[in-house]
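Single-structure report; data block below.
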Amino acid sequence: PLYNVFILLISLMPGHNVGLAIIALTILVRLLLTPLKHKAIDAQMKQKELQPELKVIQDKHKDNRQAQSQATMQLYKDRGINPAGGCLVQLVQLPILIILYFVFLRGLGRDEYQLLYPFIHAPQTLGLSFLWLKDITKVDHTFILPILAGVSQFLYSRSLMASQPTSGGPNDIGAMMGKQMTYIFPVLTVFIARSFPAGLSLYWVAATVVDWAQQSHGMKRYHRRKSRTAVVSVRQKKAS
């Protein structure tokens, strides 16, 4: 199904450009995942607001990690928060990357058109060039796209860390690992992307930029909704 959607997008792009189709596919997938993204952002913001209560739990059970974890999870349960709610949105990227990799590995030529649904019209020609690249299905030997993928991932991770809840404790292993991955993951992204087709790097850059925009919009949306709730609450108190 994803291959069919991809070919359909290619046929709709100017010059049947594959690079533009990858960007369009990225935006389409992210739009479909918007409800899950909003839920993940809401969970992040609620976790951040729980920091004073989490600090009380940490101080109360500082000598008992198991009791501290149980009390923390009970607090999340009472407030209706799923700490792992944001993982699903990130995991969806993996099958898409794998599918695109095999699409580029097998090729986009007419030999694969037997996989298309009858109502999908395959383009006669493909626009494989994109910006400085002559063939986006091949490795980017200039390393520009892999580097852009790593830089965009680093900037997004930095902004994401600012919105993530932190305990503030010096022995918070999760927080320390999060900070380390902020620097390690972008380097791994560059290292891996330099050996894969440039189209995958383009998808990663586009996905990161869209994620960044959705994160910013979701946080503003959360604050607006909370402000409206606070105003309604004040009005109700005055009326009573």
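The values are calculated or read from the model by the stated rules, or taken from the named source; none is laboratory data. This structure is a prediction, so every number in the text was calculated from the model and none was measured. Quick reminder, even Gly has a Cβ in these numbers, built from the backbone with ideal geometry, and neighbours come from all protein chains shown. For the accessible areas, the whole protein counts, side chains as well, though only heavy atoms, and no ligand, DNA or RNA atoms are used. Shrake-Rupley method; radii C 1.70, N 1.55, O 1.52, S 1.80 Å.
May I ask you to list pairs of residues, at least six apart or on different chains, whose Cβ atoms are under 8 Å apart, with the first in segment 125-154 being of a type in the set (V, I, T) and the second being exposed (fewer than 15 other Cβ atoms within 10 Å of the Cβ) and part of a loop (DSSP other than H, G, I, E, B)?
The qualifying pairs are I136/S129; T137/G107; V139/S195; T142/W132; I144/W132.
Here are the criteria: (1) in contact (Cβ under 8 Å) with a residue 60 or more places away in the chain; (2) open to solvent by 20 Å² or more (accessible area, probe 1.4 Å); (3) out of contact with any His (no Cβ under 7 Å at 6 or more places or on another chain). Tell me which single one K46 does not satisfy.
K46 satisfies every listed condition except (1).
Among the residues that make up segment 164-179, is at least one of them open to solvent by 70 Å² or more (accessible area, probe 1.4 Å) and at pLDDT 80 or above?
No, every residue in segment 164-179 fails to be open to solvent by 70 Å² or more (accessible area, probe 1.4 Å) and at pLDDT 80 or above.
Among the residues of segment 25-40, is any over 26 Å from S216 (Cβ atoms) and of a type outside the set (S, T, N, Q)?
no
Could you tell me whether segment 15-32 includes any residue that is over 26 Å from V139 (Cβ atoms) and touching a residue at least 24 places away in the same chain (Cβ under 8 Å)? Steps first, please.
Taking segment 15-32 as the starting set, the residues that turn out to be over 26 Å from V139 (Cβ atoms) are 31-32.
This time we only want the ones that are touching a residue at least 24 places away in the same chain (Cβ under 8 Å), so: none.
Within segment 15-32, not a single residue is over 26 Å from V139 (Cβ atoms) and touching a residue at least 24 places away in the same chain (Cβ under 8 Å).
Of all residues in segment 182-225, which are of a type in the set (K, R) and touching a residue at least 60 places away in the same chain (Cβ under 8 Å)?
Answer for segment 182-225, where residues must be of a type in the set (K, R) and touching a residue at least 60 places away in the same chain (Cβ under 8 Å): just R221.
Select from segment 51-75 the residues that are polar (S, T, N, Q), out of contact with any Lys or Arg (no Cβ under 8 Å at 6 or more places or on another chain) and part of a helix (DSSP H, G or I) and list them in ascending order. Full working, then the answer.
Keep residues of segment 51-75 that are polar (S, T, N, Q), which gives 51, 58, 64, 66, 68-70, 72, 74.
Next cut, out of contact with any Lys or Arg (no Cβ under 8 Å at 6 or more places or on another chain) only: 51, 58, 64, 66, 69-70, 72, 74.
Passing the criteria: Q51, Q58, Q66, S69, Q70, T72, Q74.
Kindly provide the set of residues from segment 51-74 that are surrounded by fewer than 16 Cβ atoms within 10 Å (Cβ to Cβ) and either in contact (Cβ under 8 Å) with a residue 40 or more places away in the chain or under 24 Å from H38 (Cβ atoms) (or both), ordered by number.
Those that are surrounded by fewer than 16 Cβ atoms within 10 Å (Cβ to Cβ) and either in contact (Cβ under 8 Å) with a residue 40 or more places away in the chain or under 24 Å from H38 (Cβ atoms) (or both): Q51, E53, K55, M73.
Take the residues in segment 110-123 that are in a loop (DSSP other than H, G, I, E, B) and without any contact (Cβ under 8 Å) to a residue 12 or more places away in the chain; name whichever of them is surrounded by the fewest Cβ atoms within 10 Å (Cβ to Cβ). Show your work before the answer.
Taking segment 110-123 as the starting set, the residues that turn out to be in a loop (DSSP other than H, G, I, E, B) are 116-123.
From what is left, the residues that are without any contact (Cβ under 8 Å) to a residue 12 or more places away in the chain are 118-119.
Values: P118: 5, F119: 7.
Only one residue tops the list, namely P118.
State which residue pairs qualify: first residue within 16 Å of W212 (Cα to Cα) and modelled with pLDDT under 65 and inside segment 77-98, second residue open to solvent by less than 60 Å² (accessible area, probe 1.4 Å) and not in a loop (DSSP other than H, G, I, E, B) in any location, beta carbons under 8 Å apart, and separation of 6 or more residues or different chains.
Every condition considered, the pairs that remain are G86/A40; G86/I41; G86/A43; G86/Q44.
Kindly establish whether L148 is crowded, with 18+ Cβ neighbours inside 10 Å and either under 30 Å from M45 (Cα atoms) or not charged (D, E, K, R) (or both).
yes
Which condition number does K138 fail, the rest of (1) at pLDDT below 80; (2) open to solvent by 90 Å² or more (accessible area, probe 1.4 Å) being met?
Against the list (1) at pLDDT below 80; (2) open to solvent by 90 Å² or more (accessible area, probe 1.4 Å), K138 comes up short only on (1).
Here is a list: A193, A206, A198. Which entry is at pLDDT 70 or above and in contact with a strand residue (DSSP E or B) (Cβ under 7 Å, 6 or more places away or on another chain)?
A198
Only residues that are of a type in the set (D, E) and touching a helix residue (DSSP H, G or I) at 6+ places or on another chain (Cβ under 7 Å): list them for segment 30-51, please. Can you show your working first?
So the first thing to find is which residues in segment 30-51 are of a type in the set (D, E), and the list is 42, 49.
Result: D42, single match.
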